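Taking it in order: structure first as structure tokens, then the write-up.
The values are calculated or read from the model by the stated rules, or taken from the named source; none is laboratory data. Values in this document were obtained by computation on a predicted structure and should not be read as measured data. Cβ placement follows ideal geometry from the backbone for every residue including glycine, while neighbour counts extend to all protein chains displayed.
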Amino acid sequence: MYSMKKKGYCRFYKQLYWGDSVKHHSLVRWRIKNGRIQPNVFCIQKPLSGSDQLDIINCAFLKQPYFLENPAFIYGIAGSYDEALNLLVRMTDEASRAGFEGRIRDYLDYLA
């Protein structure tokens, strides 16, 4: 019988940003990758449109079949939308201090 290995719904940034309220990082990461819905978990992802910097989405959004063929690229995981905004502010501050003001994705790609 033919067996196809499942890629998962997403890929993760090597230096993944974590919200303080998120516990059991490896379990949360596994659940997101395998499409297990966690209603209070939000992801900061590479945007689907090229003109945006980053998107904040509820991880349930990744359960769509589209993401099995086109895995999302996740930069950060937070326990609430507000915490995701705080992570985004932290990323922006770090990018500005490193000379990448207004170019968060360039900064993250530079670190990778």
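General observations
- When P65, P71 are checked against the criterion of being of a type outside the set (S, T, Y) and in contact with a strand residue (DSSP E or B) (Cβ under 6 Å, 6 or more places away or on another chain), P71 stands alone in meeting it.
- Complete set of residues in the stretch 54-112 that are β-branched (V, I, T) and under 20 Å from R31 (Cα atoms): I56, I57, I74, I77
- Hits in the stretch 58-106 (condition: over 14 Å from K46 (Cβ atoms), part of a helix (DSSP H, G or I) and among the acidic types (D, E)): E69, D82, E83, D93, E94
- Qualifying residue in the stretch 55-76 (condition: crowded, with 17+ Cβ neighbours inside 10 Å and in contact with a Ser or Thr (Cβ under 8 Å, 6 or more places away or on another chain)): no
- Restricting the stretch 33-43 to residues that are within 19 Å of L85 (Cα to Cα) and in contact with a helix residue (DSSP H, G or I) (Cβ under 6 Å, 6 or more places away or on another chain) leaves a set whose member that is modelled with the lowest pLDDT is Q38.
- For the stretch 33-51, a residue qualifies if it is under 14 Å from M91 (Cβ atoms) and charged (D, E, K, R), and exactly one does: K46.
- Residues of the stretch 25-52 that are touching a residue at least 40 places away in the same chain (Cβ under 8 Å) and either closer than 13 Å to R11 by Cβ or among the acidic types (D, E) (or both): R29, I32, C43, K46.
- Residue match in the stretch 32-52 (condition: surrounded by 11 or more Cβ atoms within 10 Å (Cβ to Cβ), of a type in the set (F, W, Y) and not in a strand (DSSP E or B)): no
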